[in-house]
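Notes follow the structure.
The values are calculated or read from the model by the stated rules, or taken from the named source; none is laboratory data. Here the structure is a predicted model, which means the values were calculated and not measured. Because the Cβ atoms are built from the backbone with ideal geometry, glycine has one as well, and the counts that use them run over all protein chains shown.
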Amino acid sequence: MLQKKVCLLGSFSVGKTSLIAQFVHGIFGEKYLTTIGVKIDKRRVTTEKGETTLVIWDLNGQDDLQKVRLANLRGSSGFLFVVDGTRPATLNVVLELDALVQREMGALPRLLLLNKCDLQDEWLLEASRVEELRAAGWHVKRTSAKTGEQVAEAFGALAEMMVR
Amino acid sequence: MRVDEPSENQGMIVLQQQMALFDTWVCEVTDQDALVWDADVAPAWCARHLQPSPGTTADLIQLLPYLEYFLTDAAAFWNGAEGATCQSGAFVATDGHDRANEWLLQATATRLGRRRLLYIGPYRAGTEEHREVMQKSRELMLAHEALQQKEAELSLSEARLRGILKVLPDQVFVLRMDGEVLAHAGGPDQADLTGLVIDTVVPELEFIGDTLKLCLAEGSIHTLTFERWIGSAAHYYEARFAPMSVDQVLMVVRDCTRAKTIERVKEEFLAIACNELRAPISGIVGVLEMAREEGLSEESAHWVGLGLESANRGLNLIHRLLDLKRIESGAQKFSRHRIAADKLVMEGLAQCCAVAEKAGRVIKRGVFESGLMVLADPDAVRQVLVMLVTNALKFTPEDEPIVVETRRWEGFARVSICDRGPGVRKKDQARLFEKFAQLEDGRSREEGAGLGLSIARAIVERHQGRIGVEADPDKAPGSTFWFAFPLL
């Protein structure tokens, strides 16, 4: 069976760990099970090419450009870049991280998750900005790690992109 | 009164199933005076006559009044010797409505281990069939209990192992030859990684596939090290691989960060100490040299000479330590020249021969294969050669030659220096290249600071080469020190 390593990247407190917990364990919250110091989870998904196991790395503590260690990204087949829709500044971090990853690892499948979409009242990321990102080639999904909205779909979409 | 659930007692169920084949019903009389039977395995007569559900002794007696007397007799057997049986006479069971529904039955009480069993079946007193039934039930129950004991032992052993793994700081993986994780444990909490390919868990281990193959092929333990960034700090790990079966390898991953940090602090302290000591000792050497030139009396000159010798030894040690530190840290830059190994060694030997001649020793040339091209810093290679030859000179008896040769060896150009000294014991050979290695026979400290071989190793490793010693003093005198650089 195919196995694909996926890394979640984004600023602190955007909900990376919660997205993984929601996708893998169906719960909202932080689940800290580590393997050799890193949080690694797995989940099997079905793609048009058959069954694929996603091996998901949560690079906790490597929240910005200075802290991301490229060695930890080695072997990745795709990335989920996570933005907190209530903190537009987290988008800038993601764009910098994306540039770094593209420079060091080339163009790999990637998806942009606008997380915390359950917090509609606090949502500050402008729709026009999102459209600009789409126009620039980003695949964008609005997700909520809390309610589970679009979480499985986001991982599934990345899986499809990776097996193509 | 408690009635045990039949499902809790698999042994009894198996026995009941088997006995049902003989049209015999069996139940256990427990300390609580309870009876156990399984509705699904009751013989035909029993299913119709006794309501096939768990009940008590009293329930049974109500259905089969004859048993009241029999159970009183049976109590003595149940408390008596293992395997003894008590057999009732024939008695009739009926449902009280239709004489067609009457059965001629017989009860047998026996004890198997702690179990008090009651069999009720068709009347077969004294027949071969009856003995067979009893023997069969006895064998079945004993086999089942032995199996249960084994299972309990295995379960305890597994629990112990899991407990040990849980408190160990190491993480343990069982890997198949293709790298799939078959099982893993260790540490307080771990995600379930079974089924994953180890490359996706530890992508830092680039040569893991080769290591697994080598480990299984050679049946030996291999070690790889890697660095992983956790948060904003680097952690250092050591992965040890040991073969488990024909296609499975045990991988134990240990966090060596603390040891590495201590080592680094120690190295930094040593470097600082050396730098701080170098200036005052250089001063002492300078002053003593000046004093020696001042026309001292013979006695004073003697003492100044001793002082100067000691100070120079100290200064030499400091320089060597600093050299080693520079090489190990990568601060020492080596040039890279494409050069023939035999030519390089010949040049180095010219330097060594002068030293040997002065000591009254002979250096002989062995095989010198030509055309072995390596990429190396010529000065560094000569330094390694001189160190090893000087070392050999120290230990070789005066009338014995030292033989130097250069050969092709598994993709390397290997230079060997064979001496006829006392040799190095097998157990000391690995430690010989460590800093200040103190061997039992005092070999390394006879002269010098014990750093020459460490420096040689550091230089060779910086060239991606190998270094070692071959000796077996119990079989033959002498040692062969060797170093090898990759061939181009």
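Of all residues in segment A:1-14, exactly one satisfies the criterion of being assigned to a loop (DSSP other than H, G, I, E, B) and at pLDDT 90 or above, namely A:V14.
Could you run through segment B:153-181 and say how many residues are surrounded by 14 or more Cβ atoms within 10 Å (Cβ to Cβ) and modelled with pLDDT of 85 or more?
At the first step, the residues of segment B:153-181 found to be surrounded by 14 or more Cβ atoms within 10 Å (Cβ to Cβ) are B:165, B:168, B:170-177, B:179-181.
Okay, now just the ones that are also modelled with pLDDT of 85 or more, so B:170-177, B:179-181.
Result for segment B:153-181: 11.
Does B:D178 fit the bill of being assigned to a loop (DSSP other than H, G, I, E, B), more than 9 Å from chain A (Cβ to nearest Cβ) and farther than 25 Å from A:D58 by Cα?
Working: assigned to a loop (DSSP other than H, G, I, E, B): yes; more than 9 Å from chain A (Cβ to nearest Cβ): yes; farther than 25 Å from A:D58 by Cα: yes.
In short, yes.
Is it true that some residue in segment B:192-209 is under 16 Å from B:V172 (Cβ atoms), touching a helix residue (DSSP H, G or I) at 6+ places or on another chain (Cβ under 9 Å), assigned to a strand (DSSP E or B) and at pLDDT 85 or above? Scanning segment B:192-209, I find no residue that is under 16 Å from B:V172 (Cβ atoms), touching a helix residue (DSSP H, G or I) at 6+ places or on another chain (Cβ under 9 Å), assigned to a strand (DSSP E or B) and at pLDDT 85 or above, so the answer is no. Scan segment B:186-222 for residues that are within 11 Å of chain A (Cβ to nearest Cβ), small (G, A, S) and touching a residue at least 12 places away in the same chain (Cβ under 8 Å) and the total you get is 3.
Residues to consider are A:N72, A:N92, A:N115; find the one that is among the polar types (S, T, N, Q) and either within 14 Å of chain B (Cβ to nearest Cβ) or under 19 Å from A:K4 (Cα atoms) (or both).
Details: A:N92 fails: either within 14 Å of chain B (Cβ to nearest Cβ) or under 19 Å from A:K4 (Cα atoms) (or both); A:N115 fails: either within 14 Å of chain B (Cβ to nearest Cβ) or under 19 Å from A:K4 (Cα atoms) (or both).
After ruling out the rest, the residue left standing is A:N72.
When segment B:248-300 is filtered for residues that are farther than 30 Å from B:I208 by Cα, in a helix (DSSP H, G or I) and of a type in the set (S, T, Y), the ones remaining, listed by number, are B:S282, B:S300. If you filter segment B:34-78 down to residues that are assigned to a helix (DSSP H, G or I) and of a type in the set (D, E, K, R), you find that the one that is modelled with the lowest pLDDT is B:R48. Residues in segment A:126-164 that are more than 24 Å from A:A107 (Cα to Cα) and either more than 16 Å from the chain's Cα centre (by Cα) or among the aromatic types (F, W, Y) (or both): 4 in all. Residue pairs whose Cβ atoms lie under 8 Å apart, separated by 6 or more positions or on different chains, with the first residue in segment B:305-332 and within 24 Å of B:D377 (Cα to Cα) and the second of a type in the set (S, T, Y), are B:L324/B:S454.
Within segment A:145-156, is even one residue of a type in the set (A, V, I, L, M), surrounded by fewer than 19 Cβ atoms within 10 Å (Cβ to Cβ) and away from chain B (no Cβ under 14 Å)? Within segment A:145-156, one or more residues are of a type in the set (A, V, I, L, M), surrounded by fewer than 19 Cβ atoms within 10 Å (Cβ to Cβ) and away from chain B (no Cβ under 14 Å).
Taking helices (runs of 4 or more DSSP H) as the structural unit, those lying wholly within segment B:339-429 and holding at least 1 residues that are surrounded by 21 or more Cβ atoms within 10 Å (Cβ to Cβ) and not hydrophobic (A, V, I, L, M, F, W, C) correspond to B:341-358, B:378-395. Show the residue pairs meeting these rules: Cβ distance below 8 Å; 6+ apart or different chains; first residue within segment B:372-383 and basic (K, R); second residue surrounded by fewer than 18 Cβ atoms within 10 Å (Cβ to Cβ). Matching pairs, first to second residue: B:R382/B:E347; B:R382/B:Q351. Entry remark, segment A:34-58: residues being more than 7 Å from chain B (Cβ to nearest Cβ) and assigned to a loop (DSSP other than H, G, I, E, B) number 2 in total. Here B:A234 meets each of (1) in contact (Cβ under 8 Å) with a residue 60 or more places away in the chain; (2) more than 26 Å from A:T53 (Cβ to Cβ) with one exception, condition (1). Out of curiosity, is B:R228 touching a residue at least 12 places away in the same chain (Cβ under 8 Å) and touching an Asp or Glu at 6+ places or on another chain (Cβ under 8 Å)? Yes, satisfied. Across segment B:186-233, the number of residues qualifying as in contact with a Leu (Cβ under 6 Å, 6 or more places away or on another chain) and at positive phi comes to 1.
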